[in-house]
Amino acid sequence: MKSHTNFVKVRYAETDQMGVVHHGNYPQYLEIARIEWLEQLGISYKTMEENGMMLPVYEMHFRFIKPAFFGDELRITTRLKSQPNVKIEFEYEVHNEAGDLLTQASTVLVFMDSKSRRPVRCPEYILDKLKN
């Protein structure tokens, strides 16, 4: 399935006293990666929301293998796990500059109508973008 790679530089504020990235920052890294994944398909998250579609996180899982440190440039690879329906599932790998695998993660998000707050099927325009 479609994948995308982006880079995030670890900022000092994201680390603890030992210079290690605090685990609470990883959801933000994945959000950055997801939004860039959508953008590389030509899908604006902002426009999607303006058109009444939300994508709340339903599940999030992490496996922390090695720590990331202040100043590291992280390479985050985002892969679509399967064809979306009411939900969309992603898998992620986070590597450091040396190529070491630091973290594996996955998320499940649900397509939701912002007015009714009810799950809906993946919009056709997103499915069309995934065919290309």
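The values are calculated or read from the model by the stated rules, or taken from the named source; none is laboratory data. This one's a predicted model, so the numbers in the text were calculated from it and none came from an experiment. Cβ sites come from the backbone with ideal geometry, for glycine too, and all protein chains shown count toward neighbours.
Within the stretch 4-22, identify whether any single residue is part of a loop (DSSP other than H, G, I, E, B), more than 25 Å from Ser114 (Cβ to Cβ), among the hydrophobic types (A, V, I, L, M, F, W, C) and modelled with pLDDT of 95 or more, and answer yes or no.
Yes, because at least one residue in the stretch 4-22 is part of a loop (DSSP other than H, G, I, E, B), more than 25 Å from Ser114 (Cβ to Cβ), among the hydrophobic types (A, V, I, L, M, F, W, C) and modelled with pLDDT of 95 or more.
Only one of the listed residues (Ala98, Ala33) is without any contact (Cβ under 8 Å) to a residue 60 or more places away in the chain and surrounded by 15 or more Cβ atoms within 10 Å (Cβ to Cβ). That residue is Ala33. Highlighted here are the strands (runs of 3 or more DSSP E) found entirely within the stretch 61-123 that include at least 3 residues which are within 22 Å of His23 (Cβ to Cβ) and in contact with a Ser or Thr (Cβ under 8 Å, 6 or more places away or on another chain): 73-80, 87-95.
For the residues Ser82, Ser106, the requirement of being surrounded by fewer than 13 Cβ atoms within 10 Å (Cβ to Cβ), within 17 Å of Ser3 (Cα to Cα) and among the hydroxyl-bearing types (Ser, Thr, Tyr) singles out Ser82. Output yes when any residue across the stretch 109-118 is in contact (Cβ under 8 Å) with a residue 24 or more places away in the chain, more than 19 Å from His4 (Cβ to Cβ), of a type in the set (S, T, N, Q) and in contact with a strand residue (DSSP E or B) (Cβ under 9 Å, 6 or more places away or on another chain), and no when none is. Yes, the stretch 109-118 contains at least one residue that is in contact (Cβ under 8 Å) with a residue 24 or more places away in the chain, more than 19 Å from His4 (Cβ to Cβ), of a type in the set (S, T, N, Q) and in contact with a strand residue (DSSP E or B) (Cβ under 9 Å, 6 or more places away or on another chain).
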